[in-house]
Structure formats: structure tokens, C-alpha cells
Amino acid sequence: MTDLSELFKLFDPTLGTIDGLEPIERRLVDLHTMFSDKQAVTAALQAENHLIYSVTAVQPDEGDGALHYGIGCIMPGRIGDEYHMTKGHLHSRRAAAEVYIGLQGEGLMLLEDERTGSSRTLPLQPHSVLYVPGATAHRTINIGASPLTYLGIYPADAGHDYGAIAERNFRQAVICRNGEAVVVERSDYLRQLERNTATGS
Ligand code: PAN
Ligand code: ZN
């Protein structure tokens with residue numbers, strides 16, 4: 001029988017924390033390879049290995065039909081023009097879907113279908129519920145000026161596969177252009193960064 005304390009938790013939608021549980025912190029050094037602007041990564045790391053996001057996971061039960069969930073909190077900010085984001089992953093059990101619920105702040109979710117390579121971007125904000133289908137790489141991005149917090153609920157046996165994304169990254173990137181968040185092809189963004197370096201702009 002699952003312990004009563006596992007059945008009920010209090011969470012703070014502003015801080016993105018769950019009472020009594022220690023968050024896992026992801027700092028710039030943990031995902032520096034994911035951001036495209038390498039000069040900006042180096043400059044930011046020289047200043048501080050700052051917190052990008054934290055996640056607190058709850059695993060109340062295991063086995064067939066059981067659920068796990070987590071609360072995430074992504075700090076506002078950018079590395080170069082690219083907004084703070086999560087590492088992103090596929091579920092090890094590819095069929096496992098997930099539900100995201102926006103709690104606070106202004107965000108986006110980047111979904112990339114592993115089978116077709118096609119991408120979709122959905123808004124993640126308070127009062128929104130997002131369904132992430134199976135076999136879909138997912139990354140959360142804070143495009144606002146305050147922390148972005150959300151809940152994610154997934155099958156207990158989903159598992160987290162970070163390998164594929166760590167190797168190839170998402171095909172699209174979310175960057176700031178003229179004060180607006182825009183979704184661009186990462187390859188185009190990388191070419192633009194190379195041109196800027198070559199021309200010294
Ligand atoms: C979420 C994520 C959370 C952090 O709970 O784990 O947003 O992102 P990364 O796991 O990519 O670092 C989830 O999707 N769980 O399955
Ligand atoms: Zn997930």
C-alpha cells in the first residue's frame with residue numbers, strides 16, 4: 001500500500017517547488033552544448049554558472065498503470081538570443097505520453113516527432129493543458145520575464161532518454177528577435193551566428 005504522504009503533496013506554483021522535496025538543479029554547465037551561441041555560452045560561464053531551471057519529481061508508486069509527476073521552474077533569461085530552456089528528452093518507452101499544465105509565466109513547448117522529424121510549438125501558460133504524444137521529443141522554453149512553472153504528469157515506466165537530443169539537439173530554436181520570441185530552424189540560426197562572427201558584428 002502506497003504511503004499516505006506519497007498520496008498528497010502541496011506545491012508552490014510561484015516558486016515551482018513541492019513541500020519537503022529537494023529540487024534537481026540544472027545550471028548552464030549542464031546544458032551548455034544545447035545553446036547555439038558558443039561565444040555567449042563562454043561569456044555567461046565566465047560570469048557565473050547560473051541556474052537555468054529546477055525540477056522536483058514525485059514517484060508515488062511503480063508498476064503497470066502507476067504515474068509519476070514533476071514540477072519545473074525555468075528562470076527567465078537568454079544565452080545570446082536563445083531563451084532559457086530545458087535539456088529536452090524522449091521517453092525511453094516511446095509510447096509513453098505526458099500531460100503538461102502551465103502554472104505561471106509565459107512559455108513555449110517545442111515538440112519534435114521522432115518518426116517524421118516534424119516540429120510543433122505550443123504555448124505553455126497558466127490555465128493551459130498540453131498533451132505530449134508518445135515518440136515526441138519535448139523541450140520547455142521560458143520566453144517571459146518571470147520564472148515559468150508547470151507540472152508534468154507521465155507514466156511511471158516512461159523513463160527519460162536524453163541521449164538522442166544531447167547528440168543532435170532540436171531542429172528548431174526559440175530566439176529573441178526585435179524583442180519578440182520567434183521559432184527558427186537551428187541550422188539557419190547557426191549560419192547567422194557564423195556570419196556574425198566572420199563580420200565581427
Ligand atoms: C518533465 C521534465 C522537466 C525538465 O518533468 O523532466 O521539464 O526537463 P528535462 O527532463 O528535459 O531536463 C518531463 O517531461 N518529464 O517526463
Ligand atoms: Zn517528459
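Derivation of every value follows stated rules applied to the coordinates shown; laboratory data play no part. Note that the structure is a prediction, hence the values are computed from the model and not measured. Virtual Cβ from ideal backbone geometry, glycine too; neighbours counted across all protein chains shown.
Stokes-Einstein diffusion for the chain at 10 °C, viscosity 1.306 mPa s, with a Kirkwood radius from C-alpha pairs, works out to 90 µm²/s. From the Kirkwood radius over Cα pairs of the stretch 28-83, Stokes-Einstein at 25 °C and 0.890 mPa s returns a whole-number translational diffusion coefficient of 184 µm²/s. Rounded to the nearest 10 degrees, the inclination of helix 186-199 to the longest alpha-carbon principal axis of the chain is 30 degrees. Give the angle, between 0 and 90 degrees and rounded to the nearest 10, that separates the Cα long axis of helix 38-47 from the longest principal axis of the Cα atoms of the chain. It works out to around 70 degrees.
Computed per residue of the chain from DSSP H runs no shorter than four, each worth -39500 (n - 2.57), the mean residue ellipticity at 222 nm is -4500 deg cm²/dmol.
For the stretch 4-199, the Cβ-based charge dipole about the Cα centre amounts to some 640 debye (Lys, Arg positive; Asp, Glu negative; other atoms uncharged). Selection among 74, 172, 24 by position relative to the dipole of the chain gives 172 as farthest towards the positive end (Cβ unit charges, Cα centre).
Which part of the stretch 73-105 falls in the paramagnetic zone of residue 39, meaning amide N under 17 Å from the point 7 Å along Cα-to-beta-carbon? Once the point is set 7 Å along Cα→Cβ of residue 39, 79-82 turn out to lie under 17 Å by backbone N, inside the stretch 73-105. From most to least packed by mean Cβ count within 10 Å, the peptides 4-10, 77-83 give 77-83, 4-10. In the elastic network of the chain, a GNM with C-alpha springs shorter than 10 Å, the most mobile of 35, 170, 11 is 11. Note on residue 93 and residue 55: their simple-model spin labels are 1.7 nm apart, each label 7 Å out from Cα toward Cβ. Computed from the alpha carbon atoms alone, the convex hull of the stretch 125-187 holds 122 Å³ per residue. Here the average projected area of the convex hull drawn through the C-alpha atoms of the stretch 85-140 stands at 3.6 nm².
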